[in-house]
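The values are calculated or read from the model by the stated rules, or taken from the named source; none is laboratory data. It should be emphasised that the depicted structure is a prediction, and the values quoted were computed from it without experimental measurement. All Cβ positions, glycine included, derive from the backbone under ideal geometry; neighbour counts span all protein chains shown.
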């Protein structure tokens, strides 16, 4: 039996804005509406379904990206004035080189702690 994540709910004060931010910085297709959700599709049939709430609870979402995509995403963030951090606590500016790859954390408009990384944790030997 194969098990894969199909979708998750992302709480947002502005689902259209939050979904557009994520799609734009990651270079994903434009979000679309499905029922009460604004949907961002990522690979493998997985989607992040943005839902309107008054007070979002900050969550962490990590995205595995290719080595070529990483600097492009960082440039998009920089172009928007979004700081990147080497650690999840946002104490060290910039990026990290964990597991022989690259990683960076940044905040979404809703206050979620987002992460891009080029190697899964523990994959660096």
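List of remarks:
- Checking each residue in the range 42-64 for being outside any loop (DSSP other than H, G, I, E, B) and touching a helix residue (DSSP H, G or I) at 6+ places or on another chain (Cβ under 9 Å) picks out 48, 49, 50, 51, 52, 61, 63.
- Criterion (touching a strand residue (DSSP E or B) at 6+ places or on another chain (Cβ under 6 Å) and modelled with pLDDT of 95 or more) met by exactly one of 52, 19: 19
- Residues of the range 92-108 that are in a loop (DSSP other than H, G, I, E, B) and surrounded by fewer than 17 Cβ atoms within 10 Å (Cβ to Cβ): 92, 94, 97.
- Filtered by the rule that a residue be touching a residue at least 40 places away in the same chain (Cβ under 8 Å), over 22 Å from residue 4 (Cα atoms) and part of a helix (DSSP H, G or I), the range 16-41 gives 17, 18, 21, 24, 25.
- Which listed residue is outside any strand (DSSP E or B), in contact with a strand residue (DSSP E or B) (Cβ under 9 Å, 6 or more places away or on another chain) and either at pLDDT below 95 or farther than 22 Å from residue 8 by Cα (or both), from 89, 122, 81: 89
- Residues (in a helix (DSSP H, G or I) and in contact with a helix residue (DSSP H, G or I) (Cβ under 9 Å, 6 or more places away or on another chain)) located in the range 65-78: 69, 73, 76, 77
- Scope the range 26-43; condition under 25 Å from residue 72 (Cα atoms) and either touching a strand residue (DSSP E or B) at 6+ places or on another chain (Cβ under 8 Å) or modelled with pLDDT under 95 (or both); matching residues: 26, 28, 29, 31, 32, 38, 39, 40, 41, 42, 43
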